[in-house]
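**Student:** Below: one structure in structure tokens.
Values quoted throughout were computed directly from the atomic coordinates according to the rules given, and no laboratory measurement underlies them. Just so it is clear, the model here is predicted, and its values are computed rather than measured. Cβ atoms come from the backbone with ideal geometry, glycine included; neighbour counts cover every protein chain shown.
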Amino acid sequence: MFDAGQVVYFYVETPLHAGSGSGVGPIDLPIQRERVTGYPIVQASSIKGRLRAEAKVRGMSDPVAWLIFGPDAEHASEHAGALSSSDARLLLFPVRSLAGVFAWVTSVELLARFRRDVAALTDGWNGWQLPPEINGNQALVAPNSVLTVADQQIVLEELSFTTKSDPVVSTVGQWLASSALPADPVYDAYWREALPLRLVILPDEALRDFTQFATEIVTRVQLNTDTKTVAGTGLWTEENLPVETLLYAPFFATPPRGKPKEANGQVKIDTGQDVLSTLQQYLPPRLCLGGDETVGRGSVALRFGEVRGLNGR
């Protein structure tokens with residue numbers, strides 16, 4: 001049973017392509033999405049694979065990696081790893097705004113999901129209250145929002161919404177700025193002050209539509225090395241999560257299923273809390289997820305939540 005948990009936040013700094021293979025629609029290479037809601041995700045297998053590779057590069061020994069992630073393919077039948085990662089789920093999505101350049105948008109549904117996931121890692125949720133339900137063309141903003149234009153309207157992409165100011169938006173924004181934005185010093189007062197001012201809580205349907213139709217679509221080509229023209233059918237479109245997206249993933253851990261003594265001399269790993277704390281020591285403040293690393297895609301900044309005991313859940 002899991003005896004420790006932690007939330008890990010992923011803040012997208014360059015367009016992120018976590019692909020789902022070839023598409024059947026107008027986009028050749030779409031991103032990964034939940035089947036029912038259509039919200040963007042990064043699948044857990046992609047996250048664990050990248051974390052393992054980064055930890056190994058930064059000095060994690062094979063015995064420790066086997067305890068945390070599981071043995072390599074040749075020894076996979078010996079025992080499972082102690083780390084369990086969920087998919088990285090959407091929390092904030094950036095959208096162009098007529099005022100304020102861009103907004104971070106979310107919905108009551110996304111916030112309720114997030115509270116539920118965090119509550120599973122604690123003894124319930126003791127943070128902010130959920131905003132009131134909204135519908136139609138309404139949107140909740142902070143009382144001092146920088147996004148409103150004439151007649152209390154905001155314009156996101158080509159859609160306008162009638163705003164209602166609510167202090168809960170400021171409360172949620174300030175909590176996210178202090179607890180979910182990367183702890184890296186480059187995310188200074190500017191970013192922590194900007195988030196509450198640019199946060200918008202939309203109706204669930206509007207949020208879903210933005211996440212489906214306001215991603216970045218890039219057309220790429222493969223050139224013939226001699227003529228410098230498109231090589232045959234080497235022309236394709238690729239979908240990316242935009243810069244400034246915020247994702248989160250719940251991590252859980254069990255006591256090691258292998259033999260902890262194999263790690264003696266380097267680290268002590270006896271409990272799930274040891275697993276999560278040790279993993280964090282071997283991870284950098286930012287890493288690359290998804291594809292196209294050589295063209296600058298997928299740089300994400302990490303923020304690690306508190307490691308918590310779960311009393312053997």
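**Student:** What is the ratio of the Cα radius of gyration of the chain to 2.2 N^0.38 Å, with N the residue count, to two decimals? Intermediate values should be presented prior to the final figure.
**Tutor:** Working: Rg = 21.2 Å, N = 313, 2.2 N^0.38 = 19.5 Å.
My calculation over the Cα atoms of the chain gives 1.08.
**Student:** Let me ask you something else. I need the GluC sites (Glu not before Pro) found in region 76-153, filtered to DSSP loop residues with at most 13 other beta carbons within 10 Å of theirs.
**Tutor:** Glu78, Glu133
**Student:** Please tell me the relative contact order of region 1-111 in percent, rounded to the nearest whole number, where contacts are Cα pairs under 8 Å and at least six residues apart. Mind dumping the intermediate values first?
**Tutor:** Working: 101 pairs, mean separation 19.2, N = 111.
After rounding, I find 17 percent.
**Student:** Let me ask something additional. Rounded to the nearest 500 deg cm²/dmol, what is the calculated helix-only ellipticity per residue at 222 nm for the chain, with -39500 (n - 2.57) per DSSP H run of length n ≥ 4? Display every interim value, and only then the final one.
**Tutor:** Numbers: 7 runs with 77 residues, N = 313.
Using -39500 (n - 2.57) per qualifying helix, the result is -7500 deg cm²/dmol.
**Student:** Hey, another quick one. Apply the Karplus curve 6.51 cos²θ - 1.76 cosθ + 1.60, θ = phi - 60°, to the phi angles in region 46-61 and return the couplings in whole Hz, x for Gly and Pro.
**Tutor:** Working through the residues one at a time gives 5, 5, 4, x, 5, 4, 4, 4, 5, 5, 5, 4, 9, x, 5, 6 Hz.
**Student:** Need the list of lysines near Lys48 for cross-linking: C-alpha distance under 27 angstrom, and skip anything on the same chain fewer than eight residues off.
**Tutor:** Lys56, Lys259, Lys261, Lys268
**Student:** Something else: I'd like the distance between the alpha-carbon centres of region 182-246 and region 13-76, rounded to an integer number of Å.
**Tutor:** Each part's Cα centre sits 18 Å from the other's.
**Student:** Debye sum, Cα scatterers, region 179-313, no solvent: what log₁₀ I/I(0) at q = 0.15 1/Å?
**Tutor:** -1.01
**Student:** Then there is this: Which of Asp123, Asp274, Asp226 moves the most in a Gaussian network model of the chain with Cα springs under 10 Å?
**Tutor:** Sorting by GNM fluctuation, first place goes to Asp226.
**Student:** Sticking with this one: What is the chain's relative contact order, in percent, from Cα pairs under 8 angstrom and six or more apart in sequence? Walk me through the intermediate numbers first.
**Tutor:** Numbers: 675 pairs, mean separation 114.9, N = 313.
So the answer I get is 37 percent.
**Student:** Go through 148-160, 52-64, 198-210 and give me the packing order, highest mean Cβ count within 10 Å leading. Write out the running numbers ahead of the final one.
**Tutor:** Details: 148-160: 14.6, 52-64: 16.2, 198-210: 21.3.
The peptides rank, most packed first, as 198-210, 52-64, 148-160.
**Student:** Taking the 0 to 90 degree range and rounding to the nearest ten, how far is the long axis of helix 189-198 tilted relative to the main principal axis of the chain, both from C-alpha atoms?
**Tutor:** Its long axis makes an angle of about 50 degrees.
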